[in-house]
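Undergrad: Have a look at the structure that comes next, please.
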Amino acid sequence: HELAKQGYRFLSPHDSNKGGGSAVMMEKCRDDCASRYEYRYFDAKDAPQVERDLNALSKDGFRVVPDALRSRPHLLERDTREKRTFSYRALDPKDAAELKQALNAADPEGYVPLDFVWHVGWKAEGFLVLEKETTASATP
C-alpha cells in the first residue's frame, strides 16, 4: 500500500530468496498514478469465507488480482479513479462432474472463472474463484 502511494502498481507475487515469507514485485507506473491504486489482502480458509470476504471488499471497489490467487499474498486492487464493483463466488467442487455443473450454472449469470485460490493446512485445498462485474451502467 505504501509503494502504491508512491506510484507503484502490483506486478506479480515473488518467492523470497531468503527462504520462507512472501513478497511481491511492484512496477513504477508510466503515468502519474501516485495513490491511484490501493490494495487489500485476503486469506483462503474455506469457500464460504473466501466468498464472504471477497464480496465485502468488492462493495468498496476492490477487485481480485488473478495473478495473486495461486500463492500468498492473495491481493485485491482498487483503482481510485474508476468506480467499479464486482460479485464473487468461490466453488469447492469435489470432482469434475460437480465442477462442470457449478460452472454451467454460474455462466448464464455472467460469472467467469479467474483461477484457484489455495489454502494450505493439513492438506491443500483449492477453491475456484468466479467473478462478475456489477458496476451499474451510466446509461440505461
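Undergrad: Condition first: open to solvent by less than 50 Å² (accessible area, probe 1.4 Å), of a type in the set (Gly, Ala, Ser) and more than 22 Å from residue 76 (Cβ to Cβ). Now tell me which residues in the stretch 99-115 satisfy that.
TA: 102
Undergrad: Checking residue 68 against (1) farther than 17 Å from residue 128 by Cβ; (2) modelled with pLDDT under 90, which test does it fail?
TA: (1)
Undergrad: I've got another one for you. Which condition number in (1) open to solvent by less than 70 Å² (accessible area, probe 1.4 Å); (2) assigned to a strand (DSSP E or B) is the one that residue 118 fails?
TA: For residue 118, the failing item is (1).
Undergrad: In the stretch 49-65, which residue that is buried (at least 18 other Cβ atoms within 10 Å of the Cβ) and charged (D, E, K, R) is farthest from residue 36 (Cα to Cα)?
TA: The first filter runs over the stretch 49-65 and keeps only residues buried (at least 18 other Cβ atoms within 10 Å of the Cβ), leaving 50-51, 53-54, 57-58, 61-65.
From what is left, the residues that are charged (D, E, K, R) are 51, 53, 63.
Details: 51: 26, 53: 23, 63: 14 Å.
Among those residues, the one meeting the criterion is 51.
Undergrad: Just to be sure I understand the filter: pairs with C-beta atoms under 6 Å, separated by 6 or more residues or on different chains, first member in the stretch 30-59 and in contact (Cβ under 8 Å) with a residue 40 or more places away in the chain, second member in a loop (DSSP other than H, G, I, E, B) and charged (D, E, K, R). Which pairs pass?
TA: From residues that are in contact (Cβ under 8 Å) with a residue 40 or more places away in the chain, the pairs are 36/81; 47/92.
Undergrad: Kindly check whether there is at least one residue in the stretch 66-79 that is surrounded by fewer than 15 Cβ atoms within 10 Å (Cβ to Cβ), touching a residue at least 12 places away in the same chain (Cβ under 8 Å), of a type in the set (S, T, N, Q) and touching a strand residue (DSSP E or B) at 6+ places or on another chain (Cβ under 8 Å).
TA: no
The values are calculated or read from the model by the stated rules, or taken from the named source; none is laboratory data. In this text the structure is predicted, and so the values were computed from the model without any measurement. Every residue, glycine as well, gets a Cβ built from its backbone with ideal geometry; the counts of neighbours run over all protein chains shown. Heavy atoms of the whole protein, side chains included, go into the accessibility calculation; ligands, DNA and RNA do not. Shrake-Rupley method; radii C 1.70, N 1.55, O 1.52, S 1.80 Å.
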